[in-house]
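The values are calculated or read from the model by the stated rules, or taken from the named source; none is laboratory data. Quantities reported herein were computed from a predicted structural model and do not represent experimental measurements. The area values use the complete protein model at the heavy-atom level, side chains included, leaving out ligands, DNA and RNA. Shrake-Rupley method; radii C 1.70, N 1.55, O 1.52, S 1.80 Å.
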Amino acid sequence: MRILAVRNTLDMESKEGLDALFLYATEGILVVNDKGEIIRINPSAEKMFGYDKGELLGKKIEALVPQRFAGRHTGHREKYGEHPHPRSMGAGMELYGLRKDGSELPVEISLSPYTTPEGKFTIGFIVDITIRKQAEERMKTYSTELEKQVKDRTLILEEAVEELEKTKK
């Protein structure tokens, strides 16, 4: 009997299990209808973008896209709707999301379409990669500093070799 109780609490195919995955995931998850309207968003995504619970419901997904990309995003979204398929967005590109306060954050996004009798929908999985980008920037800075040190020391060695050659003559 105890095994049955444990199995039921871990049933991720139940509505409760799926709701738990949605509500407690650390990644942002949102669901958009075929008109580009946000119909469901998890707490992590709301927090990531700085919105209160339910504040984004009914808004176009472009509300989370920086203005400089919003026009093109609408076209990309519509084109994706013609031939939806699971995929990562922006291969080889840097993607940014727009927070409520107007600031931007670097993100990775993957899309998964699905269809129900109510219509066509897309689930977006969003990861804030700010910490990774900061680490990459530190590595670039470190690499640049290291290259500068190597050049400086090489110059010093070259000058020392010249002095030795002069002394030798």
Revision key, fill the gap. Candidates P86, P66, P43; GNM for the chain (alpha-carbon contacts under 10 Å) flags as most fluctuating P86
Check your understanding: Within the set K100/K140; K120/K140; K53/K133, which residue pairs have Cα atoms separated by over 32 Å?
Key -> K120/K140
Point to revise | Share of carbon and sulfur in the accessible heavy-atom surface of segment 52-152 [1.4 Å probe, %] | key: 57 percent
Review point. Of the residues I41, I131, I29, which exhibits the maximal mean-square fluctuation in a Gaussian network model of the chain defined by a 10 Å Cα contact cut-off?
Key: I131
Study note, to complete from the structure: Labelled set (i) 12.7; (ii) 11.7; (iii) 18.4; mean projected area of the Cα convex hull in nm² computed from this model equals the value at (iii)
Exercise for review: Return one whole number: the accessible area per residue of the chain in Å², for a 1.4 Å probe.
Suggested key: 74 Å²
